[in-house]
Amino acid sequence: GIIFFYAVARIIIIIFALFVLLNNIVENNGYNIMTMAVDSTEKYDASLVKPVILGGGIAGLATAVALKNIAGISPIILEKSSLSSFQNVQVGGAVQFGPNGLKALRAIGGEALMQKCIQSGSIIKGNAMIFPGMPHKPTFFPDTTEEDNDGLPKVLVRWGIVRELLVQHLSPETTILTEAGGDVCGYEATKIERNIILLPKGTNESTIMDRDPANLIVSAEGVRSKFRYLVNHNKDRFGENEEDLTALINNDVKDSGRINLKAIVPRDLDDSFKPGYTYAYFAQNAGVACFAGPVGAGYTYWAISIADSAADEEESGETTKFLSGVDM
């Protein structure tokens, strides 16, 4: 069915838990996050932790906010997109926050961050489902999240707005470098200097962090993460003969069996839609599903989910991926 982006809220919760742990470790004068680069028997304080975050999306920015507000650490963020793209609030789809996601925002950025997120989106009052054979008779399911969770609602917000709010809550000491980090293809941990050197493609020498080497790397590159591929395959860099990095990483991503197309439309849903409700339509056999919902005043989130279709399954056992023959 339609993806409501629960994953983003889960990411923030995981980030919060991680850095509560990090804060406790630092306060107890111990540090054992990256044992390859840091001797855990030595004493460390927060001022000696020098993190670099790969990725300036929601996960990377939430990590940066948590690092500063929970552990007192100011990171450097490497974002591969241009400055204009990074500052564009029109990009991305929608993010749905439930009560736990909102609590995580409050934990890492205070009440102000949580309230701004709520005010910037739409509180979801319920869901309307349109099932096969009932094209004009939606079934309404009221949402009781707000009543069941001490007034914390379920909120649908534009992705670009969430990113902007997180940027606004970064500390002045946090550095964001745009058009940087996209060529990172590995790392090298040096025990002598207790640093981690990021390795760009085509060389074994760092050209990114020489001025201020890191001793903690946080990968927030998204679903097609280079660092996740390296960890999953027990590597610290891509080999010289592994030129097609995109193909290698894509092969390491689990196929959901569906293509999901998402967009933010700059207009409100009209009067035929029940205010505060999201709408989902499911075609016969769930091969196609459509979704629409409010994401703040003047904007609507639309999505379509299309299943891979069986092609001569009985004879070949193969499937044909939707748009597989189109050069994307």
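Remarks
- What you get for the stretch 212-310, charging only the Cβ of Lys and Arg (+1) and of Asp and Glu (-1), is a dipole of about 340 debye around the Cα centre.
- Charge context of residue 164, other residues only, Cβ under 10 angstrom, K/R +1, D/E -1: +3
- Computed magnitude of the charge dipole of the stretch 54-140 (debye, nearest 20; Cβ of K, R +1, Cβ of D, E -1): 180
- For residue 152, net neighbour charge (Lys/Arg +1, Asp/Glu -1) across residues whose Cβ lies under 13 Å away: -3
- Seen from residue 304, the other residues with C-beta closer than 11 Å to its C-beta sum to a net charge of +2, counting Lys and Arg as +1 and Asp and Glu as -1.
- Listed residue pairs exceeding 20 Å between alpha carbons, taken from 116/262; 50/235; 125/274; 226/254; 80/154; 80/226: 116/262; 50/235; 80/154
- Accessible surface of the stretch 51-144 [probe 1.4 Å, protein heavy atoms]: carbon and sulfur percent: 56
The values are calculated or read from the model by the stated rules, or taken from the named source; none is laboratory data. These numbers were taken from a predicted model, which means no experiment stands behind them. Using ideal geometry, Cβ is built from the backbone for each residue, glycine included, and neighbour counts are taken over all protein chains shown. Just the protein is used for accessible areas: all its heavy atoms, side chains included, with ligands, DNA and RNA removed. Shrake-Rupley method; radii C 1.70, N 1.55, O 1.52, S 1.80 Å.
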